[in-house]
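The structure appears right after this line, and notes come after that.
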Amino acid sequence: MTTTNWTTHPTVALRAGAGFDLSTLDHRATPGWPGDKADGVAHMAAREEQLDDLQERLFANGRVGDKRRVLLILQGLDTSGKGGIVRHVLGMVDPQGVHVANFGVPTKEELSHHFLWRVIRKLPPPGKICVFDRSHYEDVLVARVDGLVSAAELETRYEEINNFEETLTREGYALIKVALMHSHREQGLRLAERLARGDKWWKYSPSDVDTRLKWDAYQEAYQAMFDRTSTDHAPWYVVLADRKWYARLAVTELLIHTLAGLNQEWPTPTWNLDAERERLLATMHPDDVAAAQEALSAERKL
Ligand code: AMP
Ligand code: MG
């Protein structure tokens, strides 16, 4: 175990509440975390076991009728580290329990429907953790910056999103909304790294620089998004992302907090435990019976 721990929990330190002001952020700061990178990396590794255990409880309960599921919404500009969260945080749990959905430029078919249509189709079944790599929030971010819809339609969308998410929480979805916010300078350096390395070119798109040129407009759109959609039922967490290790550590903790809040015990069997043990013993090789009986009589701590 590591000795460093959060001094302020990320649910408190990172929540976008009333009066939140994006323009005052120090993107290299590590709110709530008193340690350095080595402490953070060690702490994250030490949290893996608990995250894995909680995810398995979610999955197990989903199998026996518990309707709850987790939806982690990741927003952030190009190179903010969304993919790294998927790889390094969700990579700590059983891939069978995780769904990842990417939302890119809408297809012709998607455009012919309401903006939430493609989102609803990607919602996870009970017991799963679903990650949205971009989400319905693009419809109030890129849509706002590029003027894809009228101002009146934008207003409607904020309301629709809030109502949609409230419905989801009532239906058993635990929402975690994470905005990875990195600095303009850091984005420049990360894009330079992508252009420098042949194994990163696939991640680069010429549109990344076009989007970068609209940086200030995007900050304004993110501020409006926090102002309008950081609700009590689904608050935004603003994760400072110039230090990748910090962003991953913070999201790990937010995910653990959400899963732990579900208070899930291991499901009790729908079959008769003693009877099944007897039936199994009756099928075993004589030389294995003693060892099996010993294993079965040992106290099973859950
Ligand atoms: P990436 O995640 O880097 O593959 O890029 C996906 C691109 O799709 C980004 O430039 C997004 O802004 C864009 N995108 C995602 N959703 C929408 C949307 N609803 N309308 C327009 N563009 C979108
Ligand atoms: Mg991109």
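Below are the figures for this structure:
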{"quantity": "Positions within the range 174-193 being within 16 Å of ligand 1 (Cβ to nearest atom) and touching a His at 6+ places or on another chain (Cβ under 6 Å), in sequence order", "calculated": "His182"}
{"quantity": "In the range 82-123, the residues that are surrounded by fewer than 17 Cβ atoms within 10 Å (Cβ to Cβ) and either among the aromatic types (Phe, Trp, Tyr) or not assigned by the TED database to the domain that holds Ile256 (or both)", "calculated": "Trp117"}
{"quantity": "Residues of the range 1-24 classified as among the aliphatic types (A, V, I, L, M) and farther than 13 Å from Tyr237 by Cα, total", "calculated": "1"}
{"quantity": "Filter result (away from ligand 1 (no atom under 14 Å from the Cβ) and either surrounded by 17 or more Cβ atoms within 10 Å (Cβ to Cβ) or within 24 Å of Leu77 (Cβ to Cβ) (or both)) within the range 157-173", "calculated": "Tyr158, Asn162, Phe164, Glu165, Leu168, Tyr173"}
{"quantity": "Pair list, Cβ under 8 Å, 6 or more apart: the range 204-232 residue among the basic types (Lys, Arg), other residue in a helix (DSSP H, G or I)", "calculated": "Arg212/His184; Arg212/Gln187; Arg212/Gly188; Arg212/Leu191; Lys214/Val145; Arg228/Val140; Arg228/Tyr158; Arg228/Asn162"}
{"quantity": "Verdict on Thr30 being within 19 Å of the chain's Cα centre (by Cα) and in the same structural domain as Val100 (by the TED database)", "calculated": "yes"}
{"quantity": "Qualifying position, being hydroxyl-bearing (Ser, Thr, Tyr) and in the same structural domain as Asn163 (by the TED database), among Thr283, Thr258", "calculated": "Thr258"}
{"quantity": "Pairs, first more than 15 Å from Glu253 (Cα to Cα) in the range 80-105, second within 16 Å of ligand 2 (Cβ to nearest atom) and in a helix (DSSP H, G or I), C-beta under 7 Å, six or more apart", "calculated": "Val100/Val86; Phe103/Glu138"}
{"quantity": "Any chance Ala196 is loosely packed, with under 14 Cβ neighbours inside 10 Å, closer than 24 Å to Leu25 by Cα, without any contact (Cβ under 8 Å) to a residue 12 or more places away in the chain and away from ligand 1 (no atom under 13 Å from the Cβ)", "calculated": "no"}
{"quantity": "Residues satisfying the stated conditions in the range 239-285, i.e. free of Cβ contacts under 8 Å to residues at least 60 places away in the same chain and either polar (S, T, N, Q) or assigned to a loop (DSSP other than H, G, I, E, B) (or both)", "calculated": "Asn263, Thr268, Pro269, Trp271, Asn272, Ala282, Thr283, Met284, His285"}
{"quantity": "Residue match in the range 144-155 (condition: under 30 Å from Gln96 (Cα atoms) and in contact (Cβ under 8 Å) with a residue 12 or more places away in the chain)", "calculated": "no"}
{"quantity": "Test: residue in the range 209-221 that is at pLDDT 95 or above, more than 16 Å from ligand 1 (Cβ to nearest atom), of a type in the set (A, V, I, L, M, F, W, C) and in the same structural domain as Arg15 (by the TED database)", "calculated": "no"}
{"quantity": "Subset of the range 196-217 [within 13 Å of ligand 2 (Cβ to nearest atom) and either part of a helix (DSSP H, G or I) or more than 26 Å from the chain's Cα centre (by Cα) (or both)]", "calculated": "Trp201, Trp202, Lys203, Pro206, Ser207, Asp208, Val209, Asp210, Thr211, Arg212"}
{"quantity": "Unmet criterion (only one of (1) away from ligand 2 (no atom under 16 Å from the Cβ); (2) in a helix (DSSP H, G or I)) for Asp26", "calculated": "(2)"}
{"quantity": "Yes/no for Tyr158 being in contact (Cβ under 8 Å) with a residue 24 or more places away in the chain, of a type outside the set (Lys, Arg), away from ligand 2 (no atom under 16 Å from the Cβ) and assigned by the TED database to the domain that holds Val100", "calculated": "yes"}
{"quantity": "Residues of the range 25-39 satisfying the condition of being surrounded by 12 or more Cβ atoms within 10 Å (Cβ to Cβ) and either within 12 Å of Val238 (Cα to Cα) or touching a Leu at 6+ places or on another chain (Cβ under 8 Å) (or both)", "calculated": "Leu25, His27, Arg28, Ala29, Thr30, Pro31, Gly32, Trp33"}
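The values are calculated or read from the model by the stated rules, or taken from the named source; none is laboratory data. Note that the structure is predicted; figures quoted are calculated from it, not measured. Glycine gets a Cβ as well: all are built from the backbone with ideal geometry, and neighbour counts include every protein chain shown.
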